Amino acid sequence: MDFERFDKLARTDRVLLLTALELLWQNGRGMIQSEDVSRLTASCVSRLGTFYTGEKLHEAVTVCKELAHLETADLIRCIRGGGMETKDPDAEGEGICPICGGELEYGDDEPLDDGGVYDWTCPSCGATEKEGYSKVFDRHYNVWDGDGNPYSTQSGGVERPSDLVPAPCAAKLPVTGQRSVTALPPEDVERLSVYFPGENWNAFFWGFTCFSRQDYAAVVPIEGINEIMLGLQCMEGGTLGELAFRWFMFGNKLALRLEVFDDAWPVTQTPSFAAVLEDLTQMSRHHVPTPDEVSRLLIAHGFTDRSDRPLETNNI
């Protein structure tokens, strides 16, 4: 597992990631590495089977095995870099008065070599103090070489379409037992091959899940009120390029937002996805498309509904 995959799980399925981490900490890295996925999944059924479907439990165990192959220092870096670092509940909070808990008002700032301090006053209790900050290295941004070419700090050189390598299919989310899937259209394969040469496209299909039709929808919070996650899914498991449609309420008005994760830009160039956007554009001229309407549209364009309760079997 690399940081990009860890960060994506932290952003899109944090409950599953936390479950995998808990399994790792309870059982130890050596034990997780030595057992195969099937036996680990079977041993977890009695404890977690009431919370997860068999498919989701299999995925959590698979992620746990991926985490088990990380060195401790790398795992800590993933947790901190992925925004999952925990804090002492008694620790002082930014912008919060340490005496009464009121909201602070800031005054002058004083830059320092390793950060800076801000003067503050608490209107609630009259307390005054300073708030200190330290500079912490994140990463290099927008690097250009001496010839004026963009430089990828991850690949060690200029990033071209042929340099983009998809994440390997992990042994998770098996399609066995699901309804048949539609093969990728030749036009999509031709376009994707420009970015991912040498990929076995017979192993991929268009798939999606709708949050409101997932078993965990009643207990897992999300940003917004509903979402559809979609992308190129692998027969053996995993996703190549992931996107999301998310619904929000702004005041009393429903709004639909498209999100594209950084590994999914090539996916947006396919004829199939372009056709979906064209139909959504026409539909949105009259009203905000609902999750069920978007689901039907995706199915009409060859996407497989991989939700726990697929649309065609859901009572709506």
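Any read-out appearing in this document is the output of simple, stated calculations on the displayed coordinates, not a laboratory observation. Worth saying up front: this structure is predicted, and the values here are computed from it rather than measured. In this analysis, Cβ positions are derived from the backbone assuming ideal geometry, glycine residues included, and neighbour counts consider all displayed protein chains.
Can you compute the modelled spin-label distance between residue 200 and residue 183, with each label point 7 Å from Cα toward Cβ, in nm?
Those two pseudo-labels are separated by 1.5 nm.
Using a simple spin-label model with points 7 Å from Cα along the Cα→Cβ vector, what separation in nm is obtained for residue 2 and residue 33?
2.1 nm
To the nearest 20 debye, what charge dipole does region 3-81 have about its Cα centre, counting +1 at the Cβ of each Lys and Arg and -1 at the Cβ of each Asp and Glu?
Dipole about the Cα centre, nearest 20: 180 debye.
Please give, to one decimal in nm, the separation of the simple spin-label points placed at residue 11 and residue 73, each 7 Å out from Cα toward the Cβ.
Result: 2.7 nm between the two label points.
Compute the relative contact order of region 3-81 as a whole-number percentage, counting only Cα pairs closer than 8 Å that sit 6 or more residues apart in sequence.
Relative CO of region 3-81 lands at 42 percent.
Note down the magnitude of the dipole of region 172-316 about its Cα centre, charges +1 on Lys and Arg C-beta and -1 on Asp and Glu C-beta and zero elsewhere, to the nearest 20 debye.
Dipole size: approximately 380 debye.
For a protection proxy built on the mean count of beta-carbon atoms within 10 angstrom, sort 61-67, 194-200, 249-255 highest first, please.
Going from most to least packed, we get 61-67, 194-200, 249-255.
Contact order normalised by length for region 163-313, with contacts defined as Cα pairs under 8 Å and 6 or more residues apart; what percent is it?
On the way: 237 pairs, mean separation 41.2, N = 151.
That works out to 27 percent.
How would you rank 247, 201, 206, going from fewest to most other Cβ atoms within 10 Å of each one's own Cβ?
Working: 247 20, 201 17, 206 25.
Ordered from fewest to most neighbouring Cβ atoms within 10 Å, 247, 201, 206 come out as 201, 247, 206.
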